[in-house]
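Q: Here you go, one structure.
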Amino acid sequence: MISFLSLKDITAKYADEIHEAVSRVVDSGWYLQGKENEAFEQHYAEYIGTKHCIGCANGLDALIWIYRAYIELGVMQPGDEVIVSANTYIASILAITENGLKAVLVEPNPDTLELDDSKIEAAITPRTKSILLVHLYGRCAYTEKIGEICERYHLHLVEDNAQAHGCTYQGRKTGSLGEAAGHSFYPGKNLGALGDGGAVTTDNTTLADCIRALANYGSTKKYVFKYCGRNSRLDEMQAAVLDVKLRHLDEDNRLRQQVAAFYYDNINNPLITLPKRLPDENNVYHLFPILCERRDELQQYLKENGVQTLIHYPIPPHLQECYAGMWQGVQLPITERLAKQELSLPISQVMTKEECEIVVRLVSRPSKSLNNLKLCKKS
Ligand SMILES: *Cc1c(COP(=O)(O)O)cnc(C)c1O
C-alpha cells in the first residue's frame, strides 16, 4: 500500500534530532513563551525574509490575527471586503468571516489552479481593502499583475502560506511578498509540527506588536490587557521540533520536487490533465493535484491497486452548509468543476523511486484500459 502521506516516516527521518529537542524542553521546566519560541521565531523570520515572526496556535489563528489586527489598528472596518480564491481550503475563508469581513470569491485559473489575476479587478468595489492570496498546493500564486492591482487600488496584500513554506517568487520567499502572511505547521504541511502550530510573518512592527498581543490574551505586558485577545500560543515543544525541521526544509522540498518532476516527465494519459508546470523554485509541491473527468473511478482504481489518494477539496467553501446563503447568485463554475475533477497523488520527501514508478504506471495506463476502469483488476 502506498499511503498518501506517511507522517511516521517523515518524523522518523529526523528522529534523533527531534528526540533531542523534545527532551531538552521536557528537562527545561519551561513550556510556553520561552527560548524555543524565541529561537524558532528568529530563524523562521530569517528564512522567510521578514523582520518579524510571531508564533501562534495554528494556521487559521495566524490568518485570523492578521485581519483582527488590521481592525484593531483602524486599518480595516468590519464589512470591508477581502478578495480570495474560491477554490481554497475553508480556513482562508473563515479567517475573513470570523472578523466580520466579507469574503469576495474569485475563480482560479484552471491551468494553474491559483487565483486568476485577470478576474480580480472586476471584483473590486469601494469597500475592497485586501487580497488574501493563497499559495495553493505549494505553488506561488503571486504575479506582477497582482502586485500592481494592490498598489493601484490600495489593497493590503495578505498571503496564506499554509501550503507553501520555502516557495519563492523571483528569489523572494512566499510569506514575504505582501504585508503579512499566515503560516500553518499542521503535521501534514511541508513544515509540520507534531501537533498544531502556526505563525505570522511581517515587516510591519505595529502589526507584529498587535498580533503578538492578540495571540496572548491581548496582553502587551503581564496583567495589562490592551485588546480582548485569546490564548493562541505556540508551545515550546512544537517550536523546538519546528526549529529542527526548518533546518531540513529546503532539502525536503527538493525531494518533493524530484517526485513532482518524475510525475511531470512520465505521467502520460489523455484523460488526465496536469497543472501547467512551473520552474521548481516556484513550487514546493505541498500537494500534486491532477485533473480527471472520471476522477472518482480513477481514485477507486488506484485504491484497488494499492495507491491512496485524496481530494483537495471535494466541496468548495461556497457550497458548504456553514455558509448557506452567503454568496447567493455568485456563479463559480470553474471552482465547481475543479472540485469534481481534482485528485491529489501521493507526494512527500519520504516517497521512494519505486513508489513513484508504481503511481506513474497506474495513472499512465493507455486510455483504452482507463476507458474500462471499472473492469480493471489488480495486476
Ligand atoms: C492548513 C491550512 C490552513 C489552516 O491551518 P491550520 O494550522 O490547520 O489551522 C489555512 N489555509 C490553508 C490554505 C491551509 O491549507
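Q: Let me know the whole percent of all Cα-Cα pairs from the stretch 244-375 that are separated by more than 27 Å. Kindly include the intermediate steps, with their values, before the conclusion.
A: Values: 2489 of 8646 pairs.
Here the long-distance tail beyond 27 Å is 29 percent of all Cα pairs in the stretch 244-375.
Q: According to the square roots a ≥ b ≥ c of the eigenvalues of the Cα gyration tensor, what is the shape class of the stretch 278-356, taking rounded for a/c under 1.5, prolate for a/b larger than b/c otherwise, and oblate for the remainder?
A: On the way: a/c = 2.60, a/b = 1.70, b/c = 1.53.
In terms of gyration-tensor shape, prolate.
Q: Counting C-alpha atoms alone, how compact is the stretch 148-218: give Rg to one decimal and Dmax as a whole number, in angstrom.
A: Radius of gyration, then largest Cα-Cα span, for the stretch 148-218: 13.5, 42 Å.
Q: What is the P(r) of the stretch 5-150, as percent of Cα-Cα pairs per 5 Å bin from 0?
A: 2, 8, 13, 15, 17, 15, 10, 8, 7, 3, 1, 0
Q: Averaged per residue, what accessible area in Å² does the chain show with a 1.4 Å probe, protein chains only? Kindly include the intermediate steps, with their values, before the conclusion.
A: Details: 16940 Å² over 379 residues.
Per residue, the chain has an accessible area of 45 Å².
Q: Give the residue list of trypsin sites (Lys or Arg not before Pro) in the stretch 173-265 that are DSSP loop and have at most 15 other beta-carbon atoms within 10 angstrom. Walk me through the intermediate numbers first.
A: Numbers: sites: LYS173, LYS189, ARG212, LYS221, LYS222, LYS226, ARG230, ARG233, LYS245, ARG247, ARG254, ARG256; in loops: LYS189, LYS222, LYS226, ARG230, ARG233.
The qualifying sites are LYS222, LYS226.
Q: Another question about this same structure. Which values, in whole Å and largest first, are the semi-axes of the equivalent ellipsoid of the chain obtained as the square root of 5 times each eigenvalue of the Cα gyration tensor?
A: On the way: eigenvalues 239, 148, 57 Å².
Square roots of five times the eigenvalues give 35, 27, 17 Å.
Q: In addition: Just to be sure I understand the model, the point goes 7 Å from the Cα along the line to the Cβ. What's the resulting TYR264 to TYR217 distance in nm?
A: Here the modelled spin labels are 5.0 nm apart.
Q: Mean-square fluctuation check for the chain, GNM, Cα pairs under 10 Å: which of ASP61, ASP27, ASP160 is largest?
A: In the Gaussian network model the winner is ASP27.
Q: Based solely on its DSSP helices, what 222 nm [θ] is calculated for the chain when runs of n ≥ 4 H residues each add -39,500 (n - 2.57) and the sum is averaged over all residues, nearest 500 deg cm²/dmol? Write out the running numbers ahead of the final one.
A: On the way: 13 runs with 141 residues, N = 379.
-11000 deg cm²/dmol, from helical runs alone.
Q: Sequence-distant or interchain residues sharing an amide H contact under 5 Å with LEU157, placed H: which?
A: Sorted by chain and number, the residues that satisfy this are ILE131, GLU179.
Q: If you consider only alpha-carbon coordinates, what radius of gyration and Dmax does the stretch 174-333 have, in Å?
A: Over the stretch 174-333's Cα set, Rg and Dmax evaluate to 20.6, 64 Å.
Q: While we're looking at this one, here's another question. What percentage of the solvent-accessible surface of the chain, computed with a 1.4 Å probe over protein heavy atoms, is contributed by carbon and sulfur atoms?
A: Numbers: 8620 of 16940 Å².
Answer for the chain: carbon and sulfur cover 51 percent of the accessible area.
The values are calculated or read from the model by the stated rules, or taken from the named source; none is laboratory data. From a predicted model like this one, the values you see are computed outputs, not experimental measurements. Every residue, glycine among them, receives a Cβ derived from its backbone with ideal geometry; neighbour counts consider all protein chains shown. SASA here: full protein model, heavy atoms, side chains in, ligands and nucleic acids out. Shrake-Rupley method; radii C 1.70, N 1.55, O 1.52, S 1.80 Å.
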